[in-house]
1. Pop out the ³J(HN,Hα) list for the stretch 403-416 in order, Karplus 6.51 cos²θ - 1.76 cosθ + 1.60 with θ = phi - 60°, rounded to Hz; leave Gly and Pro as x.
2. Counting only protein heavy atoms, what percent of the accessible surface of the chain is carbon or sulfur at a 1.4 Å probe?
3. Please work out the average accessible area per residue across the chain, using the 1.4 Å probe convention, and give it in Å².
4. Under 5 Å between amide hydrogens, which residues at least 5 positions from Arg137 or on another chain qualify, with H placed 1.01 Å from N in the peptide plane?
5. With 5 Å bins from zero, work out the P(r) of the stretch 366-424 over every alpha carbon pair and list the percent per bin.
6. Need one number: % antiparallel among DSSP beta bridges in the stretch 323-442, to the nearest 5.
7. Which longest uninterrupted range of the chain lacks any chymotrypsin sites (Phe, Trp or Tyr not before Pro) assigned by DSSP to a loop state (not H, G, I, E or B) and surrounded by at most 16 other Cβ atoms within 10 Å?
8. Only bridges whose two residues both fall in the chain count here: according to DSSP, what percent of them are antiparallel, nearest 5?
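The values are calculated or read from the model by the stated rules, or taken from the named source; none is laboratory data. From a predicted model like this one, the values you see are computed outputs, not experimental measurements. Backbone-built Cβ (ideal geometry, glycine too); neighbour counts: all protein chains shown. Side chains included, ligands, DNA and RNA excluded: accessible areas come from the protein's heavy atoms. Shrake-Rupley method; radii C 1.70, N 1.55, O 1.52, S 1.80 Å.
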Amino acid sequence: MNNNPLAKVIRDAFIENVISRPAAAVAPAAADPTAAILRHKRIFLFERAVNKFLINSGEAPLPPLPENLDEKNLLTFSLQLSGYIRDAQPALDRLTAAQACDPDLINLYQAAAGYSVACNHQIDGSKYVFREHCDYRLWKLRLTNGVEHVKFNNHGFIINPKHHNLLLAMPFHIRDTQEDLQNWTFRFLNHSLDNSEIFGGRADVFLAHFPIEQPRGEKFALSLQTIRRPEDFFTAADMRFVSQNLAGFLGSDIRTDEQNRICGGCPFDNETFKNNLRNLTIVSYCAGAAHAHRWVNALDHLASQLYDRQTVKDGLQNIFVISYAFLPIQQHSKYSGVHFMSNYADDTLRKEPFIKMFNPELYEAVKYRPSPLPVRMTVMPDDRNRIIACNLPADFAVRNADGGLQPLTDIENGHHMGLITAPNANSNTDIPFKLFKNIVENATIGRRGREVFQTTGRAIGSLSQPLAVLHNYRRIAAKD
């Protein structure tokens, strides 16, 4: 797309991090003709995708690549593509929604994924092994003493539509070990699920994510494809996940064929179907919210084969999605939810990079602005989804094991989910954390609409009327 400001960012990053880096002393695999041909092919395909994006955006193509190009540098570039965009605040400031999900940019991310897979076992010193089109990992969480001590199980369970269910949709690329699962889950969920009466008590809790082998480029390509086709886009992996784990919400013994057609089982009566989906709450972070959006599209595709359109619509609206760092991509979403974000009140050249990268115009419309209150609420046109933008404090810190203050690292201008799931030790009120925790607790036990703002007592602490606080902000804002 012509004039895409991200093109110059990518071109400059390529020249700095690939072409200008020291080249290999000897061209790799020179003694192996087959390996040399494969090397040339994978470099050519990726270089062609980069140049196509540059040329179609009005930038000059790349300079010729050296014959003895060090592929370690090129592989790093393919993996860090989103990082170069993240750090380019002046370019993000000029980005439009159409440019954000430019088809050529999507193709570039896909080419980056393909290149990283093609490099498996081909570059000396590289331990990366990637695989495209992976299936999701799904775990059931045993929460007896908070997320910090959670245990994970990946077999012998079902997601029961008659129970309250909290499904965590996360962007993790991690190993299937208890240590990694525990570390990463606590890093981003922190103390938001500490209420054992609800989590692991009244409600079952599950974690879904892609395995470590998924290429990073594929994750970003999928997110942008979801934004570009929000009404009906889902992948084969999404449909397999839904068919295997969520079909029980639609009917008994539901089976599907390779064309995603229901070929067995029986639907419920309409009210049972709608009530079942009231038992499904999803908490998502970053690209995990795009996963959740595609799951709902896949559910829609299957449910529409069993129920009339109005029943399907009513049922899907009972699914509640709580997201962080990923804004709604439709004015009228199929599901309901509350969507959190954090940004500096003065975000000049320090915008929340990934929200701005994915949804630049909505970010500008709903972001936090200076106010007497620490949050700002925007109600989406569907009147079922709300965005809560939180003031990102400059002094956010958590308590370490010894009770001392410790700044939260790598917050990326508000992108880190810990900003909403960990208590801010430097705040007396800590309204964002209390709001998030309260809403997650209410939604998980089946409350919907404004009910999710009701005080659960235990979670909200000193904030006795969270909904009143937000409505008061709307009243104040209306006078401005």
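1. Along the stretch 403-416, the couplings run x, x, 7, 9, x, 6, 8, 6, 7, 6, 6, x, 7, 5 Hz.
2. 49
3. Per residue, the chain has 42 Å² of solvent-accessible surface.
4. His209, Phe210
5. Pair shares across the bins are 4, 16, 22, 20, 17, 10, 6, 3, 1, 0.
6. Bridges in the stretch 323-442 are about 45 percent antiparallel.
7. 158-480
8. In the chain, DSSP labels about 40 percent of beta bridges as antiparallel.
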